[in-house]
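The values are calculated or read from the model by the stated rules, or taken from the named source; none is laboratory data. Computed from a predicted model, the values in this text were never measured in an experiment. Cβ placement follows ideal geometry from the backbone for every residue including glycine, while neighbour counts extend to all protein chains displayed. Just so you know, the surface numbers come from the protein's heavy atoms only, side chains and all, with ligands and any DNA or RNA stripped out. Shrake-Rupley method; radii C 1.70, N 1.55, O 1.52, S 1.80 Å.
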Amino acid sequence: MAFAQSLFAQGLRLIDPAQHRVYAARKTTLLGGLRGTVIEIGPGTGLNLAYLNRDITYVGLEPNPHLHACIQSQMRRHRISGRVLQAPVEADVLPPNSADTVISTLVLCSVPDVSTALASIQRVLRPGGRFVFMEHIAANPDQGLHSVQTCVAPVWKRCFDGCHPNRATDRAIMQAGFDTVEMDYFDVRVPVIRPHCAGYAVA
Ligand SMILES: C[S@@+](CC[C@H](N)C(=O)[O-])C[C@H]1O[C@@H](n2cnc3c(N)ncnc32)[C@H](O)[C@@H]1O
């Protein structure tokens, strides 16, 4: 487990520059205006800190300890104060109604149960707080890509830290009981893990 987490952490670091290229414009729009207490689930290497305002209070919930030094270094680099906790979102380690925003980018594909994770996100958000997300989702079932995703899913999950390439995360967000959901779909030039959805949901 520790070896797999360490290997995954090294892999994530390698793809950071490509991630910035592919997602920068969308992340600037989604993350640029956030204020107050911002909780990020699964920050990975902390690459989203580059898009956040300096005056927020940041809490990263990152279960993989091999990524913590990286996240803390990004916090220092972007002069953002806060802390990083070694906990999965569904452990509910933070007080209820304590966040203005929860961020998730490319994380809900990997959580053990997406409905449980969304319930934990709603629990921690204050009334009116926002869940801001950008996730890859299952392709349309009519497309060949959907069959590919289903076929490779068992191996994919093992190789990429539990990532489900065929998860209908968009539907799960729609059905999670948020007050409002604003979501759009987009495609990027990456193999298997496409298309994507992005937007926000109000608690
Ligand atoms: C593909 S990486 C995405 C990292 C980063 N958010 C990004 O956009 O590049 C998935 C991240 O989610 C984390 N993760 C997996 N399961 C999680 C859970 N149950 N709760 C919180 N984070 C989780 C992993 O440790 C990893 O850092």
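The residue of the range 31-49 that is farthest from V111 (Cα to Cα), among those that are touching a Gly at 6+ places or on another chain (Cβ under 9 Å) and open to solvent by 10 Å² or more (accessible area, probe 1.4 Å), is G36. Scanning the range 14-27 for residues that are in contact with a helix residue (DSSP H, G or I) (Cβ under 7 Å, 6 or more places away or on another chain) and farther than 28 Å from P95 by Cα yields a count of 3. Which of the residues belonging to the range 50-69 are assigned to a helix (DSSP H, G or I), buried (at least 20 other Cβ atoms within 10 Å of the Cβ) and more than 8 Å from the ligand (Cβ to nearest atom)? Correct list: Y51 only. Suppose we keep only residues that are over 22 Å from F186 (Cα atoms) and assigned to a helix (DSSP H, G or I) within the range 13-49. Which one would you say is farthest from the chain's Cα centre (by Cα)? Top of the filtered list is L14. Applying the criterion of at least 1 residues that are among the hydroxyl-bearing types (S, T, Y) and open to solvent by 20 Å² or more (accessible area, probe 1.4 Å) to the helices (runs of 4 or more DSSP H) found wholly in the range 82-191 leaves 114-124, 144-159. One residue is enough: does the range 4-18 have a residue meeting the conditions of a type outside the set (D, E), in contact (Cβ under 8 Å) with a residue 12 or more places away in the chain, surrounded by 13 or more Cβ atoms within 10 Å (Cβ to Cβ) and farther than 17 Å from D161 by Cβ? No; the residues of the range 4-18 include none that is of a type outside the set (D, E), in contact (Cβ under 8 Å) with a residue 12 or more places away in the chain, surrounded by 13 or more Cβ atoms within 10 Å (Cβ to Cβ) and farther than 17 Å from D161 by Cβ. A count restricted to the range 192-203 and to residues that are open to solvent by less than 30 Å² (accessible area, probe 1.4 Å) and over 27 Å from Q5 (Cα atoms) stands at 3. The residue pairs whose first member lies in the range 93-114 and is farther than 18 Å from V59 by Cα, whose second member is among the basic types (K, R) and part of a loop (DSSP other than H, G, I, E, B), and whose beta carbons are closer than 9 Å, counting only pairs six or more residues apart or on different chains, are C109/R167; V114/R167.
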